[in-house]
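Undergrad: Here it is: the structure, laid out below.
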Amino acid sequence: MARYTGPRCRICRREGTKLFLKGDRCYSDKCAFERRSYAPGQHGQARIKVSDYGIRLREKQRVRKMYGMQEAQFRRYFDWADRKKGVTGTNLLAFLERRLDNVVYRLGFAESRVQARQLVTHGHFLVNGRKVNIPSFLVKVGDVIEVAEKSRSAAPIKSAQESVARRGVPEWLELDFDAFKGSVKAMPERGHITMPIQEQLIVEFYSK
């Protein structure tokens, strides 16, 4: 299946919440969701009764699109979370947070996860001193993520660093702003994720 290449603001409007897919634009008055918070299309403002299945489907789609994954890959993460000890929903979110593209975004080296994925794929980041160009690479405690020396003057990275104060860095990560690097202090916990995610609905969706 091809990756979605259409307007990203349309995704937020379809899912009924801001997914912060456009970086700084999502914080400005240019945000399409702020201007038109209803679903796209000619019937977007119509009142539609949503079934229990639809509620669970939309929550799964919302989280999947937030992290920018296709269905098969997202389902694979759920299967891993389900087999791991602990709460399945919490395990799933922890796996998603540990992805390298998400960590790059969380550290403020990219303005969005979409941009972070592109930067990682193009080889702009090192993990423990070695170049890693796989966005789905899962970081672990003690890993050091840094911007490659030749990439530190890149416009997208410098622009993202200027806006990192707006988002902040989660507690499970540590950022050394001047050295262009960050480290993983601990595994991400449920309390570290501030987006309004109802992971139990995703568990119920896949459990049927």
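Values quoted throughout were computed directly from the atomic coordinates according to the rules given, and no laboratory measurement underlies them. All figures in this text were calculated on a predicted structure; none of them were measured in a lab. All Cβ positions, glycine included, derive from the backbone under ideal geometry; neighbour counts span all protein chains shown.
Undergrad: Would you mind telling me which numbered condition in (1) part of a loop (DSSP other than H, G, I, E, B); (2) within 19 Å of Ser159 (Cα to Cα) Lys85 fails?
TA: It fails just one condition, (2).
Undergrad: Then there's this: Looking at Phe137, Phe180, which one is within 21 Å of Val63 (Cα to Cα) and crowded, with 16+ Cβ neighbours inside 10 Å?
TA: Exactly one of Phe137, Phe180 is within 21 Å of Val63 (Cα to Cα) and crowded, with 16+ Cβ neighbours inside 10 Å, namely Phe137.
Undergrad: Would you confirm whether or not the stretch 147-157 contains a residue that is among the polar types (S, T, N, Q), out of contact with any Pro (no Cβ under 6 Å at 6 or more places or on another chain) and over 30 Å from Tyr53 (Cα atoms)?
TA: yes
Undergrad: Of all residues in the stretch 134-185, count the ones that are in contact with a helix residue (DSSP H, G or I) (Cβ under 9 Å, 6 or more places away or on another chain) and among the aliphatic types (A, V, I, L, M).
TA: 12
Undergrad: Within the bounds of the stretch 99-117, is there any residue that is in a loop (DSSP other than H, G, I, E, B) and over 22 Å from Ser163 (Cα atoms)?
TA: Scanning the stretch 99-117, I find no residue that is in a loop (DSSP other than H, G, I, E, B) and over 22 Å from Ser163 (Cα atoms), so the answer is no.
Undergrad: Report whether or not Glu146 is surrounded by 12 or more Cβ atoms within 10 Å (Cβ to Cβ) and assigned to a loop (DSSP other than H, G, I, E, B).
TA: No; evaluated as a whole, the condition is false for this residue.
Undergrad: Please specify each residue of the stretch 47-67 satisfying the condition of being among the polar types (S, T, N, Q) and surrounded by 14 or more Cβ atoms within 10 Å (Cβ to Cβ).
TA: The answer is Gln61, and nothing else.
Undergrad: Is it the case, given these coordinates, that Gly168 is surrounded by fewer than 17 Cβ atoms within 10 Å (Cβ to Cβ) and on the phi > 0 side of the Ramachandran plot?
TA: When the stated conditions are applied, Gly168 passes them.
Undergrad: If you don't mind, another one. Looking only at residues that are among the charged types (D, E, K, R) and buried (at least 24 other Cβ atoms within 10 Å of the Cβ) in the stretch 68-105, which one is nearest to Val184 (Cα to Cα)?
TA: Arg99
Undergrad: While we're here: If we scan the stretch 185-202, do we find a residue that is farther than 21 Å from Thr88 by Cα and assigned to a loop (DSSP other than H, G, I, E, B)?
TA: Yes; the residues of the stretch 185-202 include at least one that is farther than 21 Å from Thr88 by Cα and assigned to a loop (DSSP other than H, G, I, E, B).
Undergrad: Can you find a residue that is in contact with a helix residue (DSSP H, G or I) (Cβ under 8 Å, 6 or more places away or on another chain), of a type in the set (D, E, K, R) and either buried (at least 17 other Cβ atoms within 10 Å of the Cβ) or more than 15 Å from Val103 (Cβ to Cβ) (or both) anywhere in the stretch 191-205?
TA: Yes, the stretch 191-205 has at least one match.
Undergrad: When you scan the stretch 154-178, how many residues do you find that are touching a His at 6+ places or on another chain (Cβ under 9 Å) and assigned to a loop (DSSP other than H, G, I, E, B)?
TA: 4
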